[in-house]
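The values are calculated or read from the model by the stated rules, or taken from the named source; none is laboratory data. The model shown is predicted, which means the values in this text are computed figures rather than measured ones. Reconstructed Cβ throughout: ideal geometry from the backbone, glycine too, with neighbour counts over all protein chains shown.
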Amino acid sequence: MNEIFFDIGMMIIFATILGYIGRLLKQPLIPLYILAGLIIGPIGFGWITDSEIISTLSEIGVAFLLFVVGLELEIKKLKDIGNVIIVGSIIQIVSMFLIGLIVGGWLGLTGTESIYIGLIISFSSTMVVIKLLSDKNELDTLHGRIIIGILLMQDVFAILALSSLQTINNFSSVFLLTAILKAIGLILIAYFSGQYIFPKLIKISARSQEILFLTAITICFSFGIISVLIGFSVAIGAFLGGVALANLPYNLEIASKVRTLRDFFSTIFFVSLGMKLVLNNLSSWIIPLIILTIIIIILKPLLTTIILSFFGYKRKTSFMTSISLAQISEFSFIIVAQGAILGHISSELLSVTTILGIITISITTYFIKFDNQIYHASNKYLKPFESLSKVNKKLAHIEEKPTHKILMIGFDRMGYTIAKSLRKMKKDFLVVDFNPDIIKKLISKKQPCLYGDISDVDIMKMLRLEQVEMVISTIPDPIAARLLIKKVKEKNKEAKIIVSALEIEEALKLYKEGADYVIIPHLLGGHQVGIMLEDVSDDIEKLIETKVTHLKELRERRTPRR
């Protein structure tokens, strides 16, 4: 008991110390957590001895993470992008697997080892990507929803692969069919529980915050146990348990209570990743390691970008999605560990996979942290990808000679309310947005609109900047905002420019660049609440009227965020 306490204590202490350093240096935390594992692990001071209990705790972290994701997931939002999630994921997985087979053969590996290489590079890390997107509040963006869908599809295939490892040299279609039927059965259990059992159970348990929390954890573990019993992972069961609770009134309250546990165990996961690194007899694997790293951080995103382009997504959505998937999965570690136990692969390949994971996960954290900066730096090289698709070429509603006086960039979030005010004022305005769902809705309402990214030179030419009186951007992208200010000032010095920023420092820089007004959502929101409180303080009926109006507006604009 004392040994377990010591191990966990050392992991958390070093993760916290390096976390403080990371915050001071404004660096992503995940690579620093991995570094903490390297320091206290076998290649460092060697303080941690019981790797098995640490692996178990890190697996619980993955389970809690997916449970929270399931709780916050709105299945309806995934329906709109179902084709790219299902078909696109299958194309990507199969393509990467075949690339792994070919590269493995070229490197002189055996057929079985080549199969494992294909499996290692085919999947991306749900744990890492969802944590990073959650930290940036991007889970509910268009590229965030696509990423979640692809990751979940990959996890299903990874579990099927893991379940089939014992028959890797003697494939059985009956075994595969059995696994698929089990998966369908687990999904049906989650569906019927969420529809008929959990609503009553949660309603009763909600009378006590403590019982509500314990009930949620019980559901998480119950689905995890059922999942393990039928041959799947704890994580997939936990995710389905969260999905079963997602449509209940208390789902967000439950999620907020579980997040603390999720953050604790996910920290252990990343620290344990660094602890797994062993550098023995790897000299012959240096070249293969470099080649596999290049495939994962360059070829894999390139393939994903091509697939998304074929489905009609603009370069920004394709790029943001692609770079977020440029790493291997936690399932890759589980698959190679199982392969080593079964005698299919050498211990060296197990170590190479760990190094590959550490490298690609660390790189991805910077990809996601600086995704906007990387996108704008590489934007001009991405344009050819859009020519691959004809799906959204006509996704616009704009006159041959547009007469708009106001240009709005980004319709959702604040854009909806601003557009409502502009219509009341009978102003002629054009909306530009790169979310196809929003554009389709605007087209159905005959609102002048254009599908595209404002940083696209061709899109910029279509905006008639010389005739506009005002430009309003609700997109909190400082690079895009600066570019917009520059282009508008070049074409029309009289036009008023309103842009958005998330931080005060960003807002001050945009004012210096020439913005007439900078929207800072959290400050503006607080100001609006203050006005509302002054308005309803002496009349409770006004508060009820405000609530009714707000509910109506929320139901009208129930559209996926950017």
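What the table below lists for this structure:
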| quantity | calculated |
| --- | --- |
| Among the residues listed as S318, S378, the single one being touching a helix residue (DSSP H, G or I) at 6+ places or on another chain (Cβ under 6 Å) and among the small types (G, A, S) | S318 |
| Candidate set: region 1-44, residues that are more than 22 Å from T56 (Cα to Cα), out of contact with any Gly (no Cβ under 8 Å at 6 or more places or on another chain) and not in a helix (DSSP H, G or I); chosen: the one modelled with the highest pLDDT | L25 |
| Verdict on I328 being assigned to a helix (DSSP H, G or I) and either in contact with a His (Cβ under 9 Å, 6 or more places away or on another chain) or of a type outside the set (S, T, Y) (or both) | no |
| Residue within region 476-483 that is surrounded by 16 or more Cβ atoms within 10 Å (Cβ to Cβ), at pLDDT 90 or above, in contact with a Lys or Arg (Cβ under 9 Å, 6 or more places away or on another chain) and of a type outside the set (S, T, Y) present | no |
| Verdict on A255 being more than 18 Å from the chain's Cα centre (by Cα), closer than 30 Å to T56 by Cα and assigned to a helix (DSSP H, G or I) | no |
| Check on F429, of a type in the set (F, W, Y), more than 27 Å from A377 (Cα to Cα) and surrounded by 20 or more Cβ atoms within 10 Å (Cβ to Cβ) | yes |
| Matching residues in region 16-44 - criterion: being polar (S, T, N, Q) and farther than 18 Å from I268 by Cβ | Q27 |
| When residues of region 192-207 are limited to those that are at pLDDT 85 or above and loosely packed, with under 14 Cβ neighbours inside 10 Å, the one nearest to I115 (Cα to Cα) | F192 |
| Residues that are aromatic (F, W, Y) and within 30 Å of the chain's Cα centre (by Cα), drawn from region 426-484 | F434, Y451 |
| Which numbered condition A235 fails, given (1) in the same structural domain as W106 (by TED's automatic domain parsing); (2) crowded, with 24+ Cβ neighbours inside 10 Å; (3) at pLDDT 80 or above; (4) within 24 Å of K131 (Cβ to Cβ) | (3) |
| Any hit, region 346-366, residues being among the aromatic types (F, W, Y), surrounded by fewer than 24 Cβ atoms within 10 Å (Cβ to Cβ) and touching a Ser or Thr at 6+ places or on another chain (Cβ under 9 Å) | no |
| Test: residue in region 384-405 that is modelled with pLDDT of 80 or more and in contact with an Asp or Glu (Cβ under 9 Å, 6 or more places away or on another chain) | yes |
| Filtered residue count, region 238-284, keeping only those that are charged (D, E, K, R) and either surrounded by fewer than 22 Cβ atoms within 10 Å (Cβ to Cβ) or under 21 Å from L188 (Cα atoms) (or both) | 4 |
| Checklist (1) under 23 Å from G108 (Cα atoms); (2) in a helix (DSSP H, G or I) applied to H344, failing item | (2) |
| Test: F367 is touching an Asp or Glu at 6+ places or on another chain (Cβ under 8 Å), in contact (Cβ under 8 Å) with a residue 40 or more places away in the chain and assigned to a helix (DSSP H, G or I) | no |
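The rows are residues; the columns are (1) assigned by TED's automatic domain parsing to the domain that holds V69; (2) surrounded by 14 or more Cβ atoms within 10 Å (Cβ to Cβ); (3) among the small types (G, A, S); (4) farther than 30 Å from F265 by Cα.
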{"position": "L98", "(1), (2), (3), (4)": "yes, no, no, yes"}
{"position": "E113", "(1), (2), (3), (4)": "yes, yes, no, yes"}
{"position": "S122", "(1), (2), (3), (4)": "yes, yes, yes, no"}
{"position": "D140", "(1), (2), (3), (4)": "yes, yes, no, no"}
{"position": "V156", "(1), (2), (3), (4)": "yes, yes, no, no"}
